[in-house]
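None of the figures in this text is laboratory data; all of them are computed from the coordinates on show. Computed from a predicted model, the values in this text were never measured in an experiment. Positions of Cβ are generated from backbone atoms using ideal geometry, with glycine treated the same way; all protein chains shown enter the neighbour counts.
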């Protein structure tokens, strides 16, 4: 492979990567950035992770070849999603200042999420640097799969995504489903769209971990013998944790013992009311004693939960790919997921889990109950789920990404 870059900027305005990102807090995109950056560094490519500082601006090395640079934009403190566009220009100027420093030149600027692209594209144009865009989520996908009555994405976002797609040197999609939306709805140039699915850390996420089940049950006050259902991700209407709670309500009326639903994640800034609604719903259904809201978990804690769980529920209305489904599969825990968007690619139906073509809580409850009752089938899925996950590695993702960079 020729023409490889020596220094790349990963721009992620609205997340703050760390050495141990919290799941449901920092989220799956941070996992992707850190994992890809580490693999690129092992190929000799220096990676700067550029993000907005929540506190004081700082710079620190996360590992050899990977530097985190948190820059000031919009003052200290978290900013709700709706307020981030107002500080994108300031964030972009901070990136430009980094690029102007001695030895500050980047061979490629790779923006993650549309707001990062809005901030970073002018910098790439100013310095004549190839610009790569990963959207991770698209307004068109979110609007198509949103809950009934939900507000649509801002027109500014829709226009910005279309403009970024037209200007980017390359666009990286996480799944064929995302690529289809990019081509058909965003009108991205077909010759610039690349599909690179994420990988999974199969050493961290693995089955058969002695003592882990007892530790998880003790920490979360779950009695021996009670099935564990895990739901992992940002707490927001698009993830639709409400569906999982309603399905548990149906299960509680006829299952003995009643499964325990563990909801992992923090609300997206601005969605705190949704979390309160979930808690109230569990109380209204009389199942609050069967639900654990555990907030964000570190990577090790999450891996232990997956290894201890009987099933992972992916209730999201849409997923660009569904990294959680891979991590669960690698842990030998089958997934029950909604048959929509990228979930058809992250979950191999009948191999790593079961896809449900319905959003009816009764249908979900029936599917879950059937899997819990059929231990032989569930154990078969557990073995094949692990095999499925082994086909996705961060090394392969990084190698494919280097191919994109080399083409530029």
Handout entry: Residue order, fewest to most beta carbons within 10 Å, for 240, 214, 203, 310
Key = 203, 214, 310, 240
Problem - Helix-derived mean residue ellipticity, 222 nm - over the chain, DSSP H n ≥ 4, -39500 (n - 2.57), to 500 - result: -12500 deg cm²/dmol
Practice task
Report, in degrees rounded to the nearest 10, the 0 to 90 angle that the Cα long axis of helix 299-308 makes with the longest principal axis of the chain.
Solution key: 30 degrees
Handout entry: Computed Rg/Rh of region 259-353, alpha carbon atoms with Kirkwood Rh
Key = 0.97
Handout entry: Residues 405, 274, 163, sorted so that the one with the fewest Cβ neighbours within 10 Å comes first
Key = 163, 274, 405
Completion exercise
Final fewest-first order of 263, 351 on the 10 Å Cβ neighbour count is 351, 263
Completion exercise
Taking the chain, the whole-percent share of alpha-carbon pairs separated by over 35 angstrom is 26 percent
Completion exercise
Semi-axes a, b, c in Å (a largest) for region 113-159, each sqrt of 5 times a Cα gyration tensor eigenvalue, come to 28, 10, 6
Problem - Shape box of region 212-389 [Cα atoms, principal axes, largest first, Å] - result: 39, 35, 33
Exercise for the section: When you have a sec, figure out the Kirkwood radius of region 26-91 from all distinct Cα pair distances and drop it here in Å to one decimal? Expected result: 12.9 Å
Completion exercise
For the chain, longest principal axis from Cα atoms; helix 28-42 axis from its Cα atoms; angle between them, nearest 10 degrees, is 50 degrees
Exercise for the section: Compute the long axis of helix 88-100 from its Cα atoms, compare it with the longest principal axis of the Cα atoms of the chain, and write down the angle in degrees, 0 to 90, nearest 10. Expected result: 50 degrees
